[in-house]
Amino acid sequence: MARRTKEDAAATRDSILDAAEKLFVEQGVSRTTLQHIASAAGVTRGAIYWHFDDKGALFNAMMERVTLPFECALSSLGNANADTGLDDVRRFFVEIFRVTETNPQARRVLEIASLKVEFVSEMDAVRVRRRQSKADLTAQVVERLRLAQEGGQIRPDVDPQLLAIGLWSLMDGLIRNWMFEPTSFSLVGLGDKMMATMLEGIRTR
(Lines give C-alpha, C1' and ligand atoms only; values in the text may rest on other atoms or scores of the structure.)
Protein backbone atom coordinates (compact mmCIF):
# COMPACT_ATOMS: atom_id res chain seq x y z
CA MET A 1 0.00 0.00 0.00
CA ALA A 2 2.83 2.40 0.86
CA ARG A 3 4.47 1.72 -2.49
CA ARG A 4 1.19 2.32 -4.30
CA THR A 5 0.78 5.63 -2.44
CA LYS A 6 4.30 6.66 -3.41
CA GLU A 7 3.65 5.78 -7.05
CA ASP A 8 0.36 7.70 -6.98
CA ALA A 9 2.11 10.76 -5.56
CA ALA A 10 4.77 10.59 -8.27
CA ALA A 11 2.09 10.26 -10.96
CA THR A 12 0.23 13.27 -9.55
CA ARG A 13 3.43 15.31 -9.50
CA ASP A 14 4.14 14.41 -13.13
CA SER A 15 0.59 15.32 -14.20
CA ILE A 16 0.97 18.72 -12.50
CA LEU A 17 4.28 19.34 -14.29
CA ASP A 18 2.79 18.19 -17.62
CA ALA A 19 -0.11 20.60 -17.20
CA ALA A 20 2.18 23.45 -16.24
CA GLU A 21 4.43 22.83 -19.23
CA LYS A 22 1.46 22.90 -21.61
CA LEU A 23 -0.04 26.06 -20.10
CA PHE A 24 3.28 27.90 -19.89
CA VAL A 25 3.76 27.37 -23.63
CA GLU A 26 0.21 28.42 -24.48
CA GLN A 27 -0.16 31.52 -22.31
CA GLY A 28 3.21 32.32 -20.74
CA VAL A 29 4.44 31.81 -17.21
CA SER A 30 3.25 35.08 -15.67
CA ARG A 31 -0.33 34.65 -16.97
CA THR A 32 -0.62 31.08 -15.72
CA THR A 33 -1.90 30.71 -12.17
CA LEU A 34 -1.72 27.70 -9.88
CA GLN A 35 -5.49 27.40 -10.22
CA HIS A 36 -5.12 27.14 -14.01
CA ILE A 37 -2.57 24.37 -13.52
CA ALA A 38 -4.69 22.55 -10.93
CA SER A 39 -7.72 22.60 -13.21
CA ALA A 40 -5.72 21.36 -16.22
CA ALA A 41 -4.15 18.57 -14.13
CA GLY A 42 -7.45 17.58 -12.52
CA VAL A 43 -6.20 18.19 -8.97
CA THR A 44 -6.79 20.74 -6.21
CA ARG A 45 -4.53 23.68 -5.41
CA GLY A 46 -3.79 21.87 -2.17
CA ALA A 47 -2.32 18.97 -4.15
CA ILE A 48 0.00 21.41 -5.92
CA TYR A 49 1.14 22.91 -2.61
CA TRP A 50 1.76 19.41 -1.28
CA HIS A 51 4.36 18.93 -4.01
CA PHE A 52 5.64 22.48 -4.55
CA ASP A 53 6.10 25.52 -2.32
CA ASP A 54 4.98 27.99 -4.99
CA LYS A 55 4.86 28.59 -8.74
CA GLY A 56 8.57 29.32 -8.82
CA ALA A 57 9.37 25.91 -7.32
CA LEU A 58 6.98 24.23 -9.76
CA PHE A 59 8.59 26.06 -12.69
CA ASN A 60 12.08 25.05 -11.61
CA ALA A 61 11.00 21.41 -11.17
CA MET A 62 9.57 21.46 -14.69
CA MET A 63 12.90 22.77 -16.01
CA GLU A 64 14.96 20.24 -14.05
CA ARG A 65 13.24 17.17 -15.46
CA VAL A 66 14.17 18.05 -19.05
CA THR A 67 17.58 17.99 -20.72
CA LEU A 68 17.72 21.03 -22.99
CA PRO A 69 18.99 20.69 -26.57
CA PHE A 70 22.41 22.23 -25.94
CA GLU A 71 22.84 20.00 -22.88
CA CYS A 72 22.01 16.94 -25.01
CA ALA A 73 24.61 18.03 -27.54
CA LEU A 74 27.27 18.54 -24.87
CA SER A 75 26.76 15.00 -23.62
CA SER A 76 27.28 13.66 -27.16
CA LEU A 77 30.74 15.22 -27.60
CA GLY A 78 33.75 12.95 -27.55
CA ASN A 79 37.34 13.94 -26.83
CA ALA A 80 38.71 16.97 -28.65
CA ASN A 81 40.91 16.10 -31.62
CA ALA A 82 42.91 18.49 -33.81
CA ASP A 83 42.13 16.52 -36.98
CA THR A 84 38.36 16.62 -36.49
CA GLY A 85 37.94 19.90 -34.59
CA LEU A 86 35.97 21.82 -37.22
CA ASP A 87 33.78 18.85 -38.12
CA ASP A 88 33.11 18.27 -34.40
CA VAL A 89 31.96 21.87 -33.97
CA ARG A 90 29.65 21.61 -36.96
CA ARG A 91 28.15 18.30 -35.78
CA PHE A 92 27.75 19.70 -32.29
CA PHE A 93 25.57 22.61 -33.40
CA VAL A 94 23.63 20.46 -35.83
CA GLU A 95 22.84 18.11 -32.93
CA ILE A 96 21.40 21.07 -31.01
CA PHE A 97 19.19 21.87 -34.01
CA ARG A 98 18.18 18.21 -34.36
CA VAL A 99 17.12 17.81 -30.73
CA THR A 100 15.21 21.10 -30.84
CA GLU A 101 13.35 20.08 -34.00
CA THR A 102 12.62 16.44 -33.14
CA ASN A 103 12.16 16.33 -29.34
CA PRO A 104 8.80 17.94 -28.53
CA GLN A 105 9.33 18.21 -24.78
CA ALA A 106 12.83 19.67 -25.05
CA ARG A 107 11.49 22.16 -27.60
CA ARG A 108 8.54 23.18 -25.40
CA VAL A 109 10.70 23.77 -22.36
CA LEU A 110 13.30 25.64 -24.42
CA GLU A 111 10.51 27.82 -25.81
CA ILE A 112 9.24 28.55 -22.30
CA ALA A 113 12.74 29.37 -21.05
CA SER A 114 13.52 31.55 -24.08
CA LEU A 115 10.24 33.29 -24.89
CA LYS A 116 7.58 32.71 -22.24
CA VAL A 117 9.15 33.67 -18.89
CA GLU A 118 10.17 36.87 -17.13
CA PHE A 119 13.42 36.40 -15.25
CA VAL A 120 12.14 37.59 -11.88
CA SER A 121 13.76 36.35 -8.69
CA GLU A 122 11.76 33.14 -8.24
CA MET A 123 12.44 32.16 -11.87
CA ASP A 124 16.13 33.06 -11.85
CA ALA A 125 17.28 29.44 -11.79
CA VAL A 126 16.60 29.18 -15.52
CA ARG A 127 18.83 32.19 -16.19
CA VAL A 128 21.61 30.63 -14.11
CA ARG A 129 21.22 27.31 -15.93
CA ARG A 130 21.27 28.98 -19.34
CA ARG A 131 24.38 30.99 -18.42
CA GLN A 132 26.15 27.82 -17.27
CA SER A 133 25.14 25.93 -20.41
CA LYS A 134 26.45 28.77 -22.57
CA ALA A 135 29.74 28.81 -20.67
CA ASP A 136 30.13 25.01 -20.97
CA LEU A 137 29.23 25.03 -24.65
CA THR A 138 31.58 27.91 -25.45
CA ALA A 139 34.47 26.26 -23.61
CA GLN A 140 34.04 23.02 -25.58
CA VAL A 141 33.83 24.87 -28.90
CA VAL A 142 36.85 27.07 -28.11
CA GLU A 143 38.93 24.01 -27.22
CA ARG A 144 38.17 22.38 -30.55
CA LEU A 145 38.72 25.58 -32.54
CA ARG A 146 42.10 26.13 -30.88
CA LEU A 147 43.19 22.58 -31.61
CA ALA A 148 42.11 22.98 -35.24
CA GLN A 149 44.01 26.26 -35.41
CA GLU A 150 47.15 24.69 -33.97
CA GLY A 151 46.80 21.93 -36.55
CA GLY A 152 46.73 24.47 -39.37
CA GLN A 153 43.06 24.03 -40.31
CA ILE A 154 42.00 27.54 -39.23
CA ARG A 155 43.57 30.85 -40.24
CA PRO A 156 45.89 32.27 -37.54
CA ASP A 157 44.03 35.62 -37.47
CA VAL A 158 40.83 33.96 -36.20
CA ASP A 159 40.03 34.44 -32.48
CA PRO A 160 38.49 31.13 -31.26
CA GLN A 161 36.75 32.82 -28.32
CA LEU A 162 35.05 35.43 -30.50
CA LEU A 163 34.12 32.83 -33.09
CA ALA A 164 32.57 30.58 -30.43
CA ILE A 165 30.43 33.47 -29.18
CA GLY A 166 29.40 34.22 -32.75
CA LEU A 167 28.40 30.60 -33.36
CA TRP A 168 26.34 30.57 -30.16
CA SER A 169 24.60 33.79 -31.26
CA LEU A 170 23.85 32.31 -34.69
CA MET A 171 22.47 29.12 -33.13
CA ASP A 172 20.41 30.97 -30.53
CA GLY A 173 18.97 33.45 -33.02
CA LEU A 174 18.10 30.79 -35.58
CA ILE A 175 16.31 28.67 -32.99
CA ARG A 176 14.32 31.66 -31.72
CA ASN A 177 13.23 32.53 -35.27
CA TRP A 178 12.29 28.93 -35.96
CA MET A 179 10.19 28.70 -32.79
CA PHE A 180 8.08 31.64 -33.99
CA GLU A 181 7.37 29.87 -37.31
CA PRO A 182 8.46 26.22 -37.12
CA THR A 183 6.90 25.32 -40.47
CA SER A 184 8.73 28.07 -42.38
CA PHE A 185 12.03 26.20 -42.69
CA SER A 186 13.90 23.10 -41.56
CA LEU A 187 15.96 23.99 -38.51
CA VAL A 188 18.40 21.14 -39.12
CA GLY A 189 18.69 21.79 -42.85
CA LEU A 190 19.20 25.54 -42.67
CA GLY A 191 21.23 25.37 -39.47
CA ASP A 192 23.67 22.88 -40.98
CA LYS A 193 24.16 25.07 -44.07
CA MET A 194 24.72 28.20 -42.02
CA MET A 195 27.24 26.52 -39.73
CA ALA A 196 29.05 25.00 -42.71
CA THR A 197 29.25 28.40 -44.39
CA MET A 198 30.65 30.13 -41.32
CA LEU A 199 33.23 27.44 -40.63
CA GLU A 200 34.29 27.21 -44.27
CA GLY A 201 35.06 30.93 -44.17
CA ILE A 202 37.75 30.49 -41.51
CA ARG A 203 39.53 27.50 -43.04
CA THR A 204 43.13 27.83 -44.13
CA ARG A 205 43.34 28.02 -47.91
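A few points about this structure:
- Placing unit charges on each Cβ (+1 for Lys and Arg, -1 for Asp and Glu) gives the chain a dipole about its Cα centre, and among THR183, LEU147, SER169 the Cα reaching farthest toward its positive end belongs to THR183.
- Sparse-neighbourhood loop sites, chymotrypsin sites (Phe, Trp or Tyr not before Pro) in the stretch 91-144 - DSSP loop, at most 14 other Cβ within 10 angstrom: PHE119
- Out-of-range pairs (alpha-carbon distance over 23 Å; input LYS22/LYS134; LYS22/LYS55; LYS6/LYS116): LYS22/LYS134; LYS6/LYS116
- Modelled spin-label separation between PHE180 and ASN81, with each label point placed 7 Å from Cα along the Cα-to-Cβ direction: 4.0 nm.
- A Förster radius of 22 Å combined with the Cβ-Cβ distance from GLU64 to THR5 puts the calculated FRET efficiency at roughly 0.40.
- In terms of packing, defined here as the mean over residues of other Cβ atoms within 10 angstrom, the peptides 101-114, 170-183 line up highest first as 101-114, 170-183.
- Inter-label distance, GLU26 to GLU118: 2.2 nm, where each label sits 7 Å from its Cα along the C-beta direction.
- Dipole moment magnitude, nearest 20 debye, the chain about Cα centre, only Lys, Arg, Asp, Glu C-beta charged: 220
- Placing a label point 7 Å from the Cα of ALA139 along the Cα-to-Cβ direction, the residues of the stretch 158-181 with a backbone N closer than 20 Å are 160-169.
- On a per residue basis, the stretch 94-205 carries 51 Å² of accessible surface, using protein heavy atoms and a 1.4 Å probe.
- With every protein chain in place, the stretch 75-166: carbon and sulfur % of accessible area (1.4 Å): 47
- Secondary-structure-derived ellipticity at 222 nm for the chain, considering helices only, amounts to -24000 deg cm²/dmol, per-run term -39500 (n - 2.57) for DSSP H runs with n ≥ 4.
- From most to least packed by mean Cβ count within 10 Å, the peptides 151-162, 26-37 give 26-37, 151-162.
- Relative contact order of the stretch 46-205, pairs being alpha-carbon contacts under 8 Å that are 6 or more residues apart, as %: 30
- Candidate values (1) 18.5, 72; (2) 20.2, 70; (3) 21.4, 73, label of the one derived for Rg and Dmax of the Cα atoms in Å: (2)
The values are calculated or read from the model by the stated rules, or taken from the named source; none is laboratory data. Since this is a predicted model, take the numbers as computed values, not measurements. Virtual Cβ from ideal backbone geometry, glycine too; neighbours counted across all protein chains shown. Heavy atoms of the whole protein, side chains included, go into the accessibility calculation; ligands, DNA and RNA do not. Shrake-Rupley method; radii C 1.70, N 1.55, O 1.52, S 1.80 Å.
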